[in-house]
Structures are given as structure tokens and as C-alpha cells.
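**Student:** Sharing a structure, written as C-alpha cells. Questions coming.
Where a number appears in this text, it was derived from the coordinates with a stated rule and is not lab data. Computed from a prediction, not measured in an experiment: that's the story for all the values here. For neighbour counting, all protein chains shown are included, and Cβ atoms are generated from backbone atoms with ideal geometry for every residue, glycine included.
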Amino acid sequence: MRRRKVLAQGTVIDCPGCGRRCVVRGQPSEAERPLTRSNTTDGWCATCALARWLTTTEPVSRLVRHSGGDGVRLPHVRDQIITLMRVGNCPISADEVDWEALADRLDRKAAEYAKGGE
């Protein structure tokens, strides 16, 4: 197992998912769900972290396979995701998510599923 480098709060890194610049914001917490902070070089930006969660968590990922990013483009669905994040003490805010980029990413994932990919 490779050791992850722990970073100081305020350190700027590139998101491994999209290359967007991210700022390390503190220590992870067990109380944060569905996403947690990362203080290592393995951290993702808010948009990529949410995309990963939506595409790997059942039954949500099943919906993504069939509808792609259409769901997150709908205000009432987006509101439900935001509520889930707030109730789960998620450390990111809705303003940190690029919702259109998220929808595009989910569209690509649905296209991969349709072609038989994972």
C-alpha cells in the first residue's frame, strides 16, 4: 500500500479527476457524509467527488446509467442532492459544485455504461 502524503491546510493541488485547482481545507471527519474532506494528495474537487459518489453508490448509480446527467439538471433533483449533503454534514457547499460539468460527466458515464463499460 502506498503512503499518502498529508498536506497542510491551504495547500493547492490539482484534482486527479479533472485537473481543476483544489485547496486542502482541513482534516477529514467521520461525521461528514456522503463526502469527506481530504488532506492528502488523493483529494478530489467537489464536482469530481460528487460525480464519483453518484456513479458508485447504489441505487443512485443505476439512475445515472439510465438518465446520465439529466437528473442533476432538474432543480428538484439538485435540491434533493443538496439536502442530502447538508443533512450528512458534508463539508462542501452547493456553490462549490460545477453542476453543468457534473451533468456532462454523468452523461459521459451513462454513454460508457451503454457501450458495456464500467
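**Student:** Whose amide H sits under 5 Å from the amide H of Thr40, counting only residues 5 or more places off or on another chain, with H placed in the peptide plane?
**Tutor:** The answer is Leu7.
**Student:** I would also like to ask the following. Among Lys109, Lys5, which comes first, second and so on when ranked by fewest other beta-carbon atoms within 10 Å?
**Tutor:** Ranked by crowding around the Cβ, least crowded first: Lys5, Lys109.
**Student:** Shifting gears a bit: Taking the Cα atoms only, what angle lies between the long axis of helix 75-87 and the longest principal axis of the chain, rounded to 10 degrees?
**Tutor:** Approximately 30 degrees, to the nearest ten.
**Student:** Connecting C-alpha atoms closer than 10 Å in a GNM of the chain, tell me which of Arg20, Arg105, Arg65 has the biggest fluctuation.
**Tutor:** Maximum fluctuation in the GNM of the chain, among the listed residues, is at Arg20.
**Student:** Now a separate question. What is the diffusion coefficient of the chain in µm²/s, taking the Kirkwood radius over Cα pairs and the Stokes-Einstein relation at 37 °C with a viscosity of 0.692 mPa s?
**Tutor:** Working: Rh = 14.9 Å.
Value of D from the Cα-based Kirkwood radius: 220 µm²/s.
**Student:** If you don't mind, another one. Based on other C-beta atoms within 10 Å, arrange Ser29, Ser61 from fewest to most.
**Tutor:** Numbers: Ser29 11, Ser61 15.
Result, fewest neighbours first: Ser29, Ser61.
**Student:** Now, a different point. Please give the calculated 222 nm ellipticity per residue for the chain, where each DSSP H segment of at least 4 residues contributes -39500 (n - 2.57) and the sum is spread over every residue; nearest 500 deg cm²/dmol?
**Tutor:** Value at 222 nm, helices only: -13000 deg cm²/dmol.
**Student:** Could you check which residue among Ala46, Ala94, Ala31 shows the biggest mean-square fluctuation in a GNM of the chain with a 10 Å Cα cutoff?
**Tutor:** For the chain, modelled as a Gaussian network with Cα springs under 10 Å, the answer is Ala31.
**Student:** Within 10 Å of each residue's Cβ, count the other Cβ atoms and sort Val72, Val6 from fewest upward.
**Tutor:** Ranked by crowding around the Cβ, least crowded first: Val6, Val72.
**Student:** Also, quick follow-up: Kirkwood hydrodynamic radius, computed over distinct alpha-carbon pairs, for the range 23-79: how many Å, to one decimal?
**Tutor:** 12.7 Å
**Student:** If you don't mind, there's one more thing I want to ask. Apply the Karplus curve 6.51 cos²θ - 1.76 cosθ + 1.60, θ = phi - 60°, to the phi angles in the range 6-12 and return the couplings in whole Hz, x for Gly and Pro.
**Tutor:** Per residue, the Karplus-derived 3J(HN,Hα) values read 7, 10, 6, 4, x, 5, 9 Hz.
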